1. If you take the residues of the range 151-160 that are open to solvent by 70 Å² or more (accessible area, probe 1.4 Å) and of a type outside the set (K, R), which of them is farthest from F139 (Cα to Cα)?
2. So which residues in the range 36-57 are open to solvent by 70 Å² or more (accessible area, probe 1.4 Å) and in a helix (DSSP H, G or I)?
3. Being open to solvent by 80 Å² or more (accessible area, probe 1.4 Å), at pLDDT below 90 and of a type in the set (D, E, K, R) is the filter here; which residues of the range 58-78 pass it?
4. So L158 fits all but one of (1) under 26 Å from the mean Cα position of the chain (by Cα); (2) under 30 Å from I49 (Cβ atoms); (3) hydrophobic (A, V, I, L, M, F, W, C); what number is the exception?
5. When the residues of the range 127-150 are narrowed to those that are within 17 Å of A164 (Cα to Cα) and small (G, A, S), which ends up modelled with the lowest pLDDT?
6. Just give me the residues in the range 134-171 being farther than 30 Å from V109 by Cβ and not aromatic (F, W, Y), in sequence order.
7. Could you figure out which of (1) modelled with pLDDT under 90; (2) open to solvent by less than 60 Å² (accessible area, probe 1.4 Å); (3) of a type in the set (A, V, I, L, M, F, W, C) isn't true of A23?
Amino acid sequence: MSLNPRQREAVEAAGSVCVVAGAGTGKTHMLSHRYLFHLQTHGFSPLEIVAATFTEKAVAELRARIRQLAAEMLSPEDEAIAELEAAQISTIHSLAARICREHPDEAEVPPDFEILNERPDGALWLNEQLDLALESLPFRLFEKVPPSVLRGVVLALLEDPLLAMRALAVKPDAWEARVQALQGPAFKALL
């Protein structure tokens, strides 16, 4: 399958490219060609290129397509063929985990960190932490806010530490102003 003019433009673009398209429109095909374009035109090694996508299924498809194109477009003696086996073609999550493992100080994580959802006891740990967090809240809060709402808020904070950090940085005396500032746009969005 050849590239259409828009795909070719994305493949040969000098800088970053953002491709937004529906399922079955050739994004993986285009990305495979862009990968090979960088190997052939810029002389990069597969070990110098990062390709990331969202799911393991998409990674497998992308890796297979890149291998197939490399076999078609490169000489069998080309080192890139062998290097493709070690190329960083992964999910975004795997890429982030690799970066954190290779650079724990810069990522501000312990060198032996674990990804919670990779652990079989991850859901149990999260529920235990949720229960502990809810137990630490003052009872008067439960009189004002339904427990199900509090549970949802605390769960959201536990699942997204960056969101939690931003939320907890807002001092209580600023809450009313923040709520009022957000109410107007929220009501307009509902209408």
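The values are calculated or read from the model by the stated rules, or taken from the named source; none is laboratory data. Keep in mind that this is a model prediction, so the values were computed, not measured. Don't worry about glycine lacking a Cβ; one is built from the backbone with ideal geometry, like all the others, and counts go over all protein chains shown. In case anyone asks, the SASA skips ligands and DNA or RNA and just uses the protein heavy atoms, side chains included. Shrake-Rupley method; radii C 1.70, N 1.55, O 1.52, S 1.80 Å.
1. E159
2. Q40, T41, L47, E48, E56, K57
3. Passing the criteria: only E77.
4. Every condition holds for L158 apart from (2).
5. A133
6. Hits for the range 134-171 are P138, R140, L141, E143, K144, V145, P146, P147, S148, V149.
7. (2)
Matching residues to (1) open to solvent by 90 Å² or more (accessible area, probe 1.4 Å); (2) among the β-branched types (V, I, T); (3) in contact (Cβ under 8 Å) with a residue 12 or more places away in the chain; (4) under 26 Å from H93 (Cα atoms):
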| site | (1), (2), (3), (4) |
| --- | --- |
| E114 | yes, no, no, yes |
| L132 | yes, no, no, no |
| V145 | no, yes, no, no |
| V149 | no, yes, no, no |
| L162 | yes, no, no, yes |
| M165 | yes, no, no, yes |
| A169 | no, no, no, no |
| W175 | yes, no, no, no |
| A186 | no, no, no, no |
